[in-house]
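The block underneath contains the structure these notes are about, expressed in structure tokens.
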Amino acid sequence: MSQLTKLGNTLENLFAHGWGLVLLAIATILGGIAAVDYFCDGCIKNPNSENIWVFVIVTIVIMAILIATMLAIIAHLPHPKASSSKEISSDTVSSSEPDDEVQELHPTPSIVLLYKHDKPLDESAANTLESLLTQAGHTVFRAPYDQPDHLKTALQHAEAILILLTENASYSDLLESQVELACQISHNRGGPKLPIITIRLQFTEEIPQTHLAQLLSQRPIIMWNEVQETSQLRQELMSYLTHTPPEMPTGAIPVASKFYIKRPEDDKLHHALTNHESVILIRGSRQVGKTSLLVRGLQMARDAGMQVWFTDLQSFGDAAFSDIKTFYVTLAQDLANQAQVNTSLDLLWDPKVVPNKNFEDFLCKHLLPQLTSPVLWAIDEADRLLQQEFSGDVFGLLRSWHNKRATAPQQPTSKLTLLIAYATEYHLFIKEPAQSPFNVGNKLTLGDFTLAHLKELNQRYDSPLADKEVENFHHLTDGHPYLSRSGLHEMVASRFTYPQFNQHALSSEDSIFIDHLRRIVTLLNLDPPLRDTVRNLLLRQLSVPDLWQAIRRGQLSVREALQVIRRRQMGLDEISFDRLRSGGILKGDSRYEFQLRCELYESYLKKKLL
């Protein structure tokens, strides 16, 4: 039955685009020529009046048929205003202009409706959808089948895209091409993700066209049983269209955000600030919430009446790191502006004095004496200094202030508390971890969310995951704070079910996690020996049959496979283990007991390193 339906739709598409009538015209002409030839031959052989009249009549009938066919073709050709009565779009037709002239205006955001034309069920449903959306205050653009440029413009400015899918529509090549265009424009368009919603009308079976099925596989779906039943449809549709996604999970989480999950380190930070400790270090792998905790530390300090300075080294341009003098002058000017002191280190710089002493004198003689209250100086992205040749001098100066709390308590720096946030990812660049510049002070190490944390976060996103799905999601991300927030945001914003999200996260290069994952591979590629270490770890996890398949595919030699089997009981060397664990790629208690951080990392690294 489905094959007959497909054949019928193919013939319909031929006639819908004029080709069917062209074929009919050709067949009529050929038939007419054959008939005329036959009667001409008969008249020549038997030239009586009766044969001549029959010849004349047949010729007239054939000409009439040809003329009627050509008129039908002309009438069927698309007219610029053929679909204007069905489209509410940014194209406005001036009543004072000729019918075939359309005045192009700036497109207004609209809901684009993609559907199959010329089918009673589809047309009726499209009319109902347009009526519902218009009554709700939305503008609707009903996609024409013969104006691709107008459709492309409408899609580029759409606020949402609806795809009306019936059984007949599921076979439509034209609809498939329109959906593909919509997906491409949605992917390339900046800003919030464009909602693409499939409305299945009396159609619950699998989509027969493989490519169309792939395009719609991870899109929200609304089931619609009858054209006349609109109450449930209206409710679900308005829920999607009026849905406001939660705040984007990028950057520091605002102090007032409900999506911030408090961890034990928050209380430890509050205690350290209350005691006016000299150096407080917030450390952790990339995107685990260091800056968000630092921001809360700033607020704690303000509430306690402390003077607050904040330096984000990521905001300093490359020129500021050209040499140590330029760095100190830039840093001093930033602090002077925050302290509202009109003094410049550049003017006070003494070339006969070492750079550290120049900066310390500026701080102790021109900034700190102006202040009566304790000072919290928060430095974010401090690991950026590690890329500079003079980083040892700068961190040496900061460590010296910690020591002077005991050796010179009357020094102005004694009223200073340093709150430094840095990524342990820098261990991927330091081959000797003992040389770490962050070896003094109170260390607050931020780790991943526990299952309890993730359950709480899921509730704050209005519980898109069931209890069992929360456990599966925790296994996928290991509770990584950024990955957890990003994943929940994606599920809520795009209305994904967990199976849809999980498939997209593990298989798509368009995954919400892709930038995070690519960065890991980029860092590993900067150190080929460390990259090979991770590759060997991945190989160790392969079973013997998997190793045999890798040999057959040419990914491994027999010798390499045997080495993998021998290494299964061997641990990592201490330095590699410490670098990979500090960099957030591995987790574990020792170089003999460890594993990749989460399922997501393992899946992606296997694709890129094996």
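Tell me, yes or no, whether segment 531-543 has at least one residue that is of a type in the set (Gly, Ala, Ser), surrounded by 19 or more Cβ atoms within 10 Å (Cβ to Cβ) and in a loop (DSSP other than H, G, I, E, B).
no
Sort out which residues of segment 466-480 are open to solvent by 10 Å² or more (accessible area, probe 1.4 Å) and either closer than 22 Å to ARG283 by Cβ or in a loop (DSSP other than H, G, I, E, B) (or both), and write them in order of number.
Of everything in segment 466-480, those that are open to solvent by 10 Å² or more (accessible area, probe 1.4 Å) and either closer than 22 Å to ARG283 by Cβ or in a loop (DSSP other than H, G, I, E, B) (or both) turn out to be ALA466, ASP478.
From the list SER315, SER344, pick out the single residue that is of a type in the set (Ser, Thr, Tyr) and farther than 29 Å from ILE520 by Cα.
SER344
Only one of these conditions is not met by LYS116: (1) farther than 23 Å from SER231 by Cβ; (2) more than 27 Å from the chain's Cα centre (by Cα); (3) open to solvent by 30 Å² or more (accessible area, probe 1.4 Å). Which number is it?
Unmet for LYS116, out of (1) farther than 23 Å from SER231 by Cβ; (2) more than 27 Å from the chain's Cα centre (by Cα); (3) open to solvent by 30 Å² or more (accessible area, probe 1.4 Å): (3).
Looking at ALA252, ALA272, can you tell me which residue is open to solvent by less than 30 Å² (accessible area, probe 1.4 Å), touching a residue at least 12 places away in the same chain (Cβ under 8 Å) and hydrophobic (A, V, I, L, M, F, W, C)?
Only one candidate passes the filter, namely ALA272.
Looking at segment 282-302, which of its residues are more than 12 Å from ILE379 (Cβ to Cβ) and open to solvent by less than 30 Å² (accessible area, probe 1.4 Å)?
Our first condition is that a residue be more than 12 Å from ILE379 (Cβ to Cβ); within segment 282-302, this holds for 283-289, 292-293, 295-296, 299-302.
Passing the criteria: GLY284, SER285, VAL288, GLY289, SER292, LEU293, ARG296, ALA301.
Give the number of residues within segment 322-339 that are open to solvent by 40 Å² or more (accessible area, probe 1.4 Å) and either under 23 Å from PRO369 (Cβ atoms) or over 37 Å from the mean Cα position of the chain (by Cα) (or both). Walk me through it before giving the result.
Filtering segment 322-339 down to residues open to solvent by 40 Å² or more (accessible area, probe 1.4 Å) leaves 322-323, 325-326, 330, 333-334, 337-338.
Narrowing the set further to residues that are either under 23 Å from PRO369 (Cβ atoms) or over 37 Å from the mean Cα position of the chain (by Cα) (or both) leaves 323, 325-326, 330, 333-334, 337-338.
The number of residues fulfilling the criteria is 8.
Filter segment 451-478 down to residues that are touching a residue at least 60 places away in the same chain (Cβ under 8 Å) and under 19 Å from the mean Cα position of the chain (by Cα) and give me whichever is farthest from VAL288 (Cα to Cα).
Step one: of segment 451-478, the residues touching a residue at least 60 places away in the same chain (Cβ under 8 Å) are 453, 456-457, 460-461, 475-478.
Checking the rest, the ones that are also under 19 Å from the mean Cα position of the chain (by Cα) come to 461, 476-477.
Working: TYR461: 19, LEU476: 16, THR477: 12 Å.
Restricting to residues being touching a residue at least 60 places away in the same chain (Cβ under 8 Å) and under 19 Å from the mean Cα position of the chain (by Cα), the top hit is TYR461.
Restricting to segment 229-249, give me the number of residues that are more than 30 Å from ILE282 (Cβ to Cβ) and touching a residue at least 12 places away in the same chain (Cβ under 8 Å). Break it down stepwise before answering.
Taking segment 229-249 as the starting set, the residues that turn out to be more than 30 Å from ILE282 (Cβ to Cβ) are 229-244.
Subset that is touching a residue at least 12 places away in the same chain (Cβ under 8 Å): 230, 233-234, 236-238, 240-241, 243.
Final tally of qualifying residues: 9.
Working only within segment 571-603, note down all residues that are open to solvent by less than 20 Å² (accessible area, probe 1.4 Å) and in a helix (DSSP H, G or I).
Passing the criteria: SER576, PHE577, ARG579, LEU580, LEU600, TYR601.
Of the residues that sit in segment 350-386 and are of a type outside the set (Asp, Glu), open to solvent by 20 Å² or more (accessible area, probe 1.4 Å) and within 30 Å of GLY251 (Cβ to Cβ), which one is modelled with the highest pLDDT?
PRO374
Would you mind finding the one in SER278, SER285, SER344 that is in contact with a Ser or Thr (Cβ under 8 Å, 6 or more places away or on another chain) and farther than 30 Å from SER484 by Cβ?
Being in contact with a Ser or Thr (Cβ under 8 Å, 6 or more places away or on another chain) and farther than 30 Å from SER484 by Cβ holds for just one of SER278, SER285, SER344, which is SER278.
Out of segment 109-125, which residues are in a helix (DSSP H, G or I) and among the hydroxyl-bearing types (Ser, Thr, Tyr)?
Our first condition is that a residue be in a helix (DSSP H, G or I); within segment 109-125, this holds for 120-125.
If the condition is that a residue be in a helix (DSSP H, G or I) and among the hydroxyl-bearing types (Ser, Thr, Tyr), then SER124 is the only one that fits.
Exactly one of these conditions fails for MET491: (1) in a loop (DSSP other than H, G, I, E, B); (2) closer than 23 Å to GLN287 by Cβ; (3) open to solvent by less than 30 Å² (accessible area, probe 1.4 Å); (4) at pLDDT below 90. Give me its number.
It fails just one condition, (1).
Considering segment 126-157 alone, what residues qualify as being part of a helix (DSSP H, G or I) and more than 29 Å from the chain's Cα centre (by Cα)?
Passing the criteria: ALA126, ASN127, THR128, LEU129, GLU130, SER131, LEU132, THR134, GLN135.
When you check GLU229 against the structure, is it among the acidic types (Asp, Glu), within 22 Å of SER511 (Cβ to Cβ) and open to solvent by 40 Å² or more (accessible area, probe 1.4 Å), yes or no? Show your work before the answer.
Numbers: among the acidic types (Asp, Glu): yes; within 22 Å of SER511 (Cβ to Cβ): no; open to solvent by 40 Å² or more (accessible area, probe 1.4 Å): yes.
No.
Go through segment 509-523 and give me each residue that's without any contact (Cβ under 8 Å) to a residue 40 or more places away in the chain and either open to solvent by 20 Å² or more (accessible area, probe 1.4 Å) or over 13 Å from the mean Cα position of the chain (by Cα) (or both).
GLU509, ILE512, ASP515, ARG518, THR522
Just a yes or no: is a residue in segment 305-321 modelled with pLDDT of 95 or more, among the hydroxyl-bearing types (Ser, Thr, Tyr) and open to solvent by 40 Å² or more (accessible area, probe 1.4 Å)?
Within segment 305-321 (the criterion being modelled with pLDDT of 95 or more, among the hydroxyl-bearing types (Ser, Thr, Tyr) and open to solvent by 40 Å² or more (accessible area, probe 1.4 Å)), the answer is no, since none of the residues qualifies.
For segment 171-283, which fully contained helices (runs of 4 or more DSSP H) count at least 1 residues that are modelled with pLDDT of 85 or more and hydroxyl-bearing (Ser, Thr, Tyr)?
Output list reads 173-188, 231-241, 264-274.
Kindly provide the set of residues from segment 519-563 that are aliphatic (A, V, I, L, M) and at pLDDT below 85, ordered by number. Write out each step before concluding.
Taking segment 519-563 and keeping what is aliphatic (A, V, I, L, M), we get 520-521, 523-524, 526, 530, 534, 537-539, 542, 544, 547, 550-551, 556, 558, 561-562.
Listed by number, the residues that qualify are LEU537, LEU538, LEU539, LEU542, VAL544, LEU547, ALA550, ILE551, LEU556, VAL558, ALA561, LEU562.
The values are calculated or read from the model by the stated rules, or taken from the named source; none is laboratory data. As the structure is a computational prediction, the values presented were derived from the model and not from experiment. Quick reminder, even Gly has a Cβ in these numbers, built from the backbone with ideal geometry, and neighbours come from all protein chains shown. What goes into the accessible areas is simple: the full protein's heavy atoms, side chains included, and nothing from ligands, DNA or RNA. Shrake-Rupley method; radii C 1.70, N 1.55, O 1.52, S 1.80 Å.
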